[in-house]
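Participant: One structure, as structure tokens, below. Some questions next.
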């Protein structure tokens, strides 16, 4: 009998492949997909994710160590794919390392521009194309209106190819007025740059932009959250967009108790039984990355007849465990419990925690064991 604590993160490569195809189906055949795998592929693991997304046109990362990790996986598969540092080099030394490994680099400030002009890659390298970042309204990274054209001109004069790049601040909300402003600024700068560098490419859309702004896909889109099966836009669920969750977080029932009327549970005694009441203790907590602050979250549990039920989390989430309401259900010890996956979805849990699916994916700790499973278990209908 398996008596280990069985808290686990299961990654579904078939879901990643499916989501990539859904994204590609939104695009013109000429538009390329940069699969964003920063933050260890949004917590899904580079090793599990890169092989499943091998039909993307390239991989986007936030820093050099992530680029090296992606390269290692690709080398192991005997594959070459563009890898892009979407925050660029953090030092001159990093810029030189990026050239050595032919990593594409974004340029968003003067120092990076200086390094690129002083130390050029060979003409035939992928990194001879610069992803030039224009701040169209996010006000985070990028050259402003008065510097973007001069930066583009100096790079073009030095022989670099360019991909004008910007980032939507509010693309998840299609009607937000900032979207139209950003699109207008981007189009104007692109037209201006193409007047002296006619082969300049463009990349504006993140996952939200892919679904909400289909006329703005340009040459490259940067797909992130949608690849992992979480919703990128406010007014439609991931399921409505035909996206599949690429991660299932699960634990098990480790104890079952019948409370007497008036018994309270957990820290701060936040919940008390009004009558004799059956509860189960689940083997996961904030030490595994499950959010302590959830209000009204549910988990999925399968009863002894094989029927799935959504059960309320009651009381406070602790470091290693929390309690759920199983009153009236026939639940056994060691029964698997799904925290998020097909149901409840990570977006539903995120809403109960006052956050977004991205954060829940990225905050998981190293304690849960990780596994890869190509298909979901046969679906049981909920009672």
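Participant: Identify the residue in segment 337-350 that is modelled with pLDDT of 95 or more and touching a strand residue (DSSP E or B) at 6+ places or on another chain (Cβ under 7 Å) and, among all such residues, is farthest from residue 233 (Cα to Cα).
Facilitator: The qualifying residue farthest from residue 233 (Cα to Cα) is 337.
Participant: Here is a further query. Conditions first: (1) touching a residue at least 40 places away in the same chain (Cβ under 8 Å); (2) out of contact with any helix residue (DSSP H, G or I) (no Cβ under 8 Å at 6 or more places or on another chain); (3) farther than 25 Å from residue 370 by Cα. Residue 315 passes all but one, so which condition is the exception?
Facilitator: (2)
For every residue, the table says whether it meets (1) under 24 Å from the mean Cα position of the chain (by Cα); (2) at pLDDT below 95; (3) farther than 25 Å from residue 150 by Cα.
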{"residue": "71", "(1), (2), (3)": "yes, no, yes"}
{"residue": "78", "(1), (2), (3)": "no, no, yes"}
{"residue": "90", "(1), (2), (3)": "yes, no, no"}
{"residue": "113", "(1), (2), (3)": "no, no, no"}
{"residue": "129", "(1), (2), (3)": "no, no, no"}
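Participant: Which numbered condition in (1) farther than 15 Å from residue 326 by Cα; (2) touching a residue at least 24 places away in the same chain (Cβ under 8 Å) is the only one that residue 257 fails?
Facilitator: Evaluating residue 257 over (1) farther than 15 Å from residue 326 by Cα; (2) touching a residue at least 24 places away in the same chain (Cβ under 8 Å) leaves (1) as the failure.
Participant: Go through the residues of segment 218-226 one by one and say whether even a single one is under 30 Å from residue 184 (Cβ atoms), surrounded by fewer than 20 Cβ atoms within 10 Å (Cβ to Cβ), in the same structural domain as residue 36 (by TED's automatic domain parsing) and in contact with a strand residue (DSSP E or B) (Cβ under 6 Å, 6 or more places away or on another chain).
Facilitator: Here is the first cut: in segment 218-226, the ones under 30 Å from residue 184 (Cβ atoms) are 218-226.
Keeping just the survivors that are surrounded by fewer than 20 Cβ atoms within 10 Å (Cβ to Cβ) gives 219.
Now narrow it down to the ones that are in the same structural domain as residue 36 (by TED's automatic domain parsing): 219.
With in contact with a strand residue (DSSP E or B) (Cβ under 6 Å, 6 or more places away or on another chain) added as a condition, the list becomes 219.
Yes: one or more hits.
A quick yes/no check of all residues on (1) part of a helix (DSSP H, G or I); (2) more than 18 Å from residue 128 (Cα to Cα); (3) in contact with a helix residue (DSSP H, G or I) (Cβ under 6 Å, 6 or more places away or on another chain):
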{"site": "153", "(1), (2), (3)": "yes, no, no"}
{"site": "159", "(1), (2), (3)": "no, no, no"}
{"site": "168", "(1), (2), (3)": "no, yes, yes"}
{"site": "173", "(1), (2), (3)": "no, yes, no"}
{"site": "180", "(1), (2), (3)": "yes, yes, no"}
{"site": "185", "(1), (2), (3)": "yes, yes, no"}
{"site": "188", "(1), (2), (3)": "yes, yes, no"}
{"site": "194", "(1), (2), (3)": "yes, no, no"}
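Participant: Could you tell me whether residue 320 is out of contact with any helix residue (DSSP H, G or I) (no Cβ under 6 Å at 6 or more places or on another chain), farther than 28 Å from residue 232 by Cβ and assigned to a loop (DSSP other than H, G, I, E, B)? Don't jump to the end; show me each part of the working.
Facilitator: On the way: out of contact with any helix residue (DSSP H, G or I) (no Cβ under 6 Å at 6 or more places or on another chain): yes; farther than 28 Å from residue 232 by Cβ: yes; assigned to a loop (DSSP other than H, G, I, E, B): yes.
Yes; evaluated as a whole, the condition is true for this residue.
Participant: What is the number of the single condition among (1) in contact (Cβ under 8 Å) with a residue 12 or more places away in the chain; (2) in the same structural domain as residue 131 (by TED's automatic domain parsing) that residue 93 does not meet?
Facilitator: Failed condition: (1).
The values are calculated or read from the model by the stated rules, or taken from the named source; none is laboratory data. These figures come from a predicted structure and were not determined experimentally. As a convention, Cβ positions derive from the backbone with ideal geometry for all residues, glycine included, and neighbour counts pool all protein chains shown.
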